[in-house]
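Structure record follows, encoded as structure tokens.
The values are calculated or read from the model by the stated rules, or taken from the named source; none is laboratory data. Note that this is a predicted model, so its numbers are computed, not measured. Positions of Cβ are generated from backbone atoms using ideal geometry, with glycine treated the same way; all protein chains shown enter the neighbour counts.
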Amino acid sequence: MLHLLPRDCVIHNMSRPLALAFVSALLGLTSLALAQAEKPSPNFEDFPAPHVYQGQPAAPILSKSQRFFRTRIREGAKSPVRFGGHYTLPTWGCGEGCITFDLVDSITGKVQDGLVIVLPLDWLDEHPDENPKPLEYRPTSRLLKINGCLGEAGPCGFFDYEMVDGKGLRLIHKELLPDKYQFKPQTN
């Protein structure tokens with residue numbers, strides 16, 4: 001019998017079935033650790049839009065709640081396609097380091113509620129060379145990158161969404177900022 005392990009090794013002194021179970025468990029844990037390793041943020045080229053709409057943008061069809069920002073949405077919807085092949089992203093400010101956006105389909109006029117994005121000022125102060133844009137997008141890609149906090153109390157980080165026609169945005173990757181930059185609930 002060929003011995004590949006030293007005699008004082010834990011596995012060497014185990015019964016064969018127990019040693020196989022131990023090695024299998026070790027391989028399983030290694031695979032799990034590798035699967036949970038931080039995946040890189042996707043690239044715009046990984047999510048191509050089939051084509052970019054070149055026609056006249058449709059007038060936005062506003063819901064009752066969207067009418068409060070109708071001027072911003074209507075003006076933004078007149079712009080050329082900015083995202084996902086046929087969407088515009090009207091944006092407007094909502095305070096220091098804060099923007100709001102909606103998605104408007106240039107073909108149908110359907111308006112999808114976007115989000116309020118707040119850039120954590122503490123993080124920006126500590127990372128002056130990493131001043132990300134709150135929204136990153138391309139007309140030729142279905143990938144939308146949101147950098148900041150989702151809403152005024154949401155998680156803070158870097159979020160990548162894929163636009164799925166007929167369904168909306170689908171989260172495909174996120175990298176949260178450390179806890180010290182996350183919003184803390186107010187206590188009275």
Run Trp123 past the list (1) assigned to a loop (DSSP other than H, G, I, E, B); (2) out of contact with any strand residue (DSSP E or B) (no Cβ under 6 Å at 6 or more places or on another chain) and report the number of the one that doesn't hold.
(1)
Listed residues Gly168, Gly157; which is in the same structural domain as Ala49 (by TED's automatic domain parsing) and crowded, with 19+ Cβ neighbours inside 10 Å?
Gly157
Please pick out the residue among Phe101, Phe183, Phe159 that is of a type in the set (Phe, Trp, Tyr), assigned to a strand (DSSP E or B) and over 19 Å from Ala49 (Cβ atoms).
Phe159
Give the residues of region 163-182 that are among the hydrophobic types (A, V, I, L, M, F, W, C) and under 17 Å from Lys39 (Cα atoms), sorted by residue number.
Leu171, Ile172, Leu176, Leu177
Residues being more than 19 Å from Gly154 (Cα to Cα) and touching a strand residue (DSSP E or B) at 6+ places or on another chain (Cβ under 7 Å): count how many of those fall in region 93-110.
6
Please go through region 45-88 and give me each residue that is in a helix (DSSP H, G or I), out of contact with any Phe, Trp or Tyr (no Cβ under 7 Å at 6 or more places or on another chain) and within 16 Å of Asp102 (Cα to Cα), ordered by number.
Ser65, Gln66, Arg67, Phe68, Arg70, Thr71, Ile73, Arg74, Glu75, Gly76, Ala77
Where residues in region 106-125 are out of contact with any helix residue (DSSP H, G or I) (no Cβ under 9 Å at 6 or more places or on another chain) and not β-branched (Val, Ile, Thr), which of them is farthest from Ile172 (Cα to Cα)?
Asp125
